[in-house]
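Enquirer: Just passing along the structure, written as structure tokens.
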Amino acid sequence: MNIRKLFSVRGVRIPDHKEMTKDLKVESLKAPKLLYFPMDMHIGKPAKPTVKVGDFVKIGTLLGESEGGVSTNIHSSVSGKVVSILKDESRGDLETVIIENDYRDDKVKLKDLDENITTEDFMKRLEEAGITGKGGAGFPAHIKYDMERNKSKYLVINGAECEPYSTADHRCMVGYANEIVKIIQLIDEIYEVDEAYIAVEEHMTESKDALNKALKENNAEHITLHELPAIYPQGHSGLQIHQILGLEIKEGQRSGDIGVLQSNVSTIKAIYDAVFNNESFHKRIITVTGPMIKNPKNLMVRIGTSVDHIVEACGGFHEGERMNISGGPMMGKSFDDIGLPVDKDTTTLLFLKKHPKEEERACIRCAKCVNCCPVSLQPILISNAYRNREYKMGIDLKSESCISCGICTYICPSRINLLEDIQKLNKELEGKEDE
Ligand code: SF4
Ligand code: SF4
């Protein structure tokens, strides 16, 4: 018996709404006249602008240089002229470089790599190209791949896009299966991993077929396509590793600590472009979807494009009150200003109908939140701990292990926003640690 099969699947089945875009091919969106490049498209220190007003730039020109430590480079996604560098005092003088597009699409490429790519060459290339992971926080890929050097036994590529509505990764796998397989083969070789997996959702037939074909054509028998049930949140890194390898990431550990190197398929595609096409990270596939957008699409978008330009390309909005979300409905972030740009971490722009907020009712002790929590927490007890200011109780209940998947809030028949309470408690606990 395969020991890995013993691990139960944790999470819930929720309507995925992917039918709106899952069969739509990726269209290239024409870049707008003005593009915006905030210097904090990643976690850590913002990049430092390397251009000044009046400079001419090309696609791939460095606009912001990594400040060292956890930071990364930012490149232009169009050719044109730097027309402004804004400072936002409310965000610690964060600078945003604004480029006026000349529509010539002149390019500057990174240098060719040697034929025999070493680990050092590979990491340097990720750093030069400004690649960040798609794990939500925009962690610089070169740091992650450096930390996991010499100790990764397994490579897990995440193509299980479990958030409802999102289909960007699915279309990335359909359109770039060969590229994905080729770069996995290279990573396998230079990191000498023992086993490599691509995780996909079992019902996404088109991406599975594309990957199977690419694996065959590239003689990649050592890479396993691992099908996961369409259960939310199977895309979460820790749960996915548990499901595929039977390994548990303990509190305070990273996947690298248990010998697993993990990347998302979109990150892998950006790595392919950097290594084989000498391109900096300046464009990405996003899904534009939801009942409030007239023509949902999967689009290849230049980083720095404002949301309003994307909305216009999708036919505009339907009439009515709207909720804008960057990411999926479960873990995405709502935003009001559609003048904001798409950054390296944007996967989905979701436009939902705004419904009146349902009144919270008393807990009926149904235990649904407890039974559904994928990391076995007791959300209602943690929520009570927050509301009663019982911080020690919150710690004892392992509130900080919450992965913010939002299932507890989604499932609660009494409409109690359990996740909000848990997040507020964790923020207060963080503050207490700093005291
Ligand atoms: S407590 Fe956290 S991890 Fe558990 S269901 Fe709620 S949001 Fe998800
Ligand atoms: S799901 Fe809601 S009603 Fe049920 S136990 Fe949890 S908090 Fe109470």
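Enquirer: Report the residue count in segment 271-297 for those that are out of contact with any helix residue (DSSP H, G or I) (no Cβ under 7 Å at 6 or more places or on another chain), within 21 Å of Val108 (Cα to Cα) and part of a loop (DSSP other than H, G, I, E, B).
Expert: 3
Enquirer: Can you confirm whether Glu358 is outside any helix (DSSP H, G or I) and not hydroxyl-bearing (Ser, Thr, Tyr)?
Expert: Spelling it out, Glu358 is indeed outside any helix (DSSP H, G or I) and not hydroxyl-bearing (Ser, Thr, Tyr).
Enquirer: Collect the residues in segment 263-301 that are surrounded by fewer than 23 Cβ atoms within 10 Å (Cβ to Cβ), over 26 Å from His17 (Cβ atoms) and either under 19 Å from the mean Cα position of the chain (by Cα) or not assigned by TED's automatic domain parsing to the domain that holds Pro164 (or both), keeping them in residue-number order.
Expert: Hits for segment 263-301 are Tyr272, Asp273.
Enquirer: In addition: Taking segment 250-270 only, how many residues are in a loop (DSSP other than H, G, I, E, B) and touching a residue at least 12 places away in the same chain (Cβ under 8 Å)?
Expert: As a first pass, look at segment 250-270 and keep what is in a loop (DSSP other than H, G, I, E, B): 250-254, 259.
Then keep just the ones that are touching a residue at least 12 places away in the same chain (Cβ under 8 Å); that gives 251, 254, 259.
Going through segment 250-270 one residue at a time, the tally reaches 3.
Enquirer: Would you check if there is a residue in segment 332-347 being in contact with a Gly (Cβ under 6 Å, 6 or more places away or on another chain), more than 10 Å from ligand 2 (Cβ to nearest atom) and in the same structural domain as Ser401 (by TED's automatic domain parsing)?
Expert: no
Enquirer: Moving to a separate point now. Residues in segment 402-415 that are in a loop (DSSP other than H, G, I, E, B), within 10 Å of ligand 2 (Cβ to nearest atom) and surrounded by 21 or more Cβ atoms within 10 Å (Cβ to Cβ): how many?
Expert: 1
Enquirer: Let me ask something else. Would a scan of segment 116-131 turn up a residue that is assigned to a loop (DSSP other than H, G, I, E, B) and of a type in the set (A, V, I, L, M, F, W, C)?
Expert: Yes, there is a match, as at least one residue in segment 116-131 is assigned to a loop (DSSP other than H, G, I, E, B) and of a type in the set (A, V, I, L, M, F, W, C).
Enquirer: Going by the structure shown, is Glu390 open to solvent by 10 Å² or more (accessible area, probe 1.4 Å), more than 16 Å from ligand 1 (Cβ to nearest atom) and not small (Gly, Ala, Ser)?
Expert: So Glu390 fits the description; yes.
Enquirer: Suppose the filter is farther than 22 Å from His242 by Cβ, among the polar types (S, T, N, Q) and not assigned by TED's automatic domain parsing to the domain that holds Glu248; does Ser401 pass it?
Expert: It is false that Ser401 is farther than 22 Å from His242 by Cβ, among the polar types (S, T, N, Q) and not assigned by TED's automatic domain parsing to the domain that holds Glu248.
Enquirer: Also, I was wondering about something else. Please verify whether segment 187-206 includes one or more residues that are in a helix (DSSP H, G or I), out of contact with any Lys or Arg (no Cβ under 8 Å at 6 or more places or on another chain), modelled with pLDDT of 95 or more and within 19 Å of Lys22 (Cα to Cα).
Expert: Yes - at least one qualifying residue is present in segment 187-206.
Enquirer: Six or more apart or on different chains, Cβ atoms under 7 Å: show the pairs whose first residue is in segment 138-154 and in the same structural domain as Thr346 (by TED's automatic domain parsing) and whose second is among the acidic types (Asp, Glu) and at pLDDT 85 or above.
Expert: Gly138/Asp345; His142/Glu127; Lys153/Asp194; Tyr154/Asp194; Tyr154/Glu195
Enquirer: Quick check, is Glu100 assigned to a loop (DSSP other than H, G, I, E, B), more than 30 Å from Ile231 (Cα to Cα) and more than 20 Å from the chain's Cα centre (by Cα)?
Expert: Criteria not met by Glu100.
Enquirer: Let me ask something additional. Tell me which residues, restricted to segment 48-87, are in a strand (DSSP E or B), open to solvent by 50 Å² or more (accessible area, probe 1.4 Å) and closer than 17 Å to Lys107 by Cα.
Expert: Phe56, Leu62, Lys81
Enquirer: When Lys424 is evaluated against the numbered criteria (1) touching a residue at least 40 places away in the same chain (Cβ under 8 Å); (2) touching a helix residue (DSSP H, G or I) at 6+ places or on another chain (Cβ under 9 Å); (3) more than 7 Å from ligand 1 (Cβ to nearest atom), which criterion, by number, is the only one it fails?
Expert: Only one criterion in (1) touching a residue at least 40 places away in the same chain (Cβ under 8 Å); (2) touching a helix residue (DSSP H, G or I) at 6+ places or on another chain (Cβ under 9 Å); (3) more than 7 Å from ligand 1 (Cβ to nearest atom) is unmet by Lys424, namely (1).
Enquirer: With respect to Cys314, determine if the residue is assigned by TED's automatic domain parsing to the domain that holds Thr267, open to solvent by less than 40 Å² (accessible area, probe 1.4 Å) and more than 20 Å from the chain's Cα centre (by Cα). Don't jump to the end; show me each part of the working.
Expert: On the way: assigned by TED's automatic domain parsing to the domain that holds Thr267: yes; open to solvent by less than 40 Å² (accessible area, probe 1.4 Å): yes; more than 20 Å from the chain's Cα centre (by Cα): yes.
Against the criterion (assigned by TED's automatic domain parsing to the domain that holds Thr267, open to solvent by less than 40 Å² (accessible area, probe 1.4 Å) and more than 20 Å from the chain's Cα centre (by Cα)), Cys314 qualifies.
Enquirer: Examine segment 41-51 for a residue that is in contact (Cβ under 8 Å) with a residue 60 or more places away in the chain, among the hydroxyl-bearing types (Ser, Thr, Tyr) and over 23 Å from Glu312 (Cα atoms), and state whether such a residue exists.
Expert: no
Enquirer: Within segment 228-238, identify whether any single residue is assigned to a helix (DSSP H, G or I) and buried (at least 19 other Cβ atoms within 10 Å of the Cβ), and answer yes or no.
Expert: Yes, because at least one residue in segment 228-238 is assigned to a helix (DSSP H, G or I) and buried (at least 19 other Cβ atoms within 10 Å of the Cβ).
Enquirer: Further question: If I filter segment 348-387 down to residues being more than 10 Å from ligand 2 (Cβ to nearest atom) and of a type in the set (Gly, Ala, Ser), which single residue comes out as most open to solvent (accessible area, probe 1.4 Å)?
Expert: Across segment 348-387, the extreme among qualifying residues is Ser376.
Enquirer: Pairs only if they're at least six apart or on different chains, beta carbon under 7 angstrom, first in segment 361-375 and farther than 19 Å from Ile231 by Cβ, second open to solvent by 50 Å² or more (accessible area, probe 1.4 Å) and of a type in the set (Lys, Arg); list them, first residue then second.
Expert: So the pair list comes out as Arg361/Arg415.
The values are calculated or read from the model by the stated rules, or taken from the named source; none is laboratory data. Just so it is clear, the model here is predicted, and its values are computed rather than measured. Because the Cβ atoms are built from the backbone with ideal geometry, glycine has one as well, and the counts that use them run over all protein chains shown. Remember, those area values only see protein heavy atoms, side chains included, never the ligands or the DNA or RNA. Shrake-Rupley method; radii C 1.70, N 1.55, O 1.52, S 1.80 Å.
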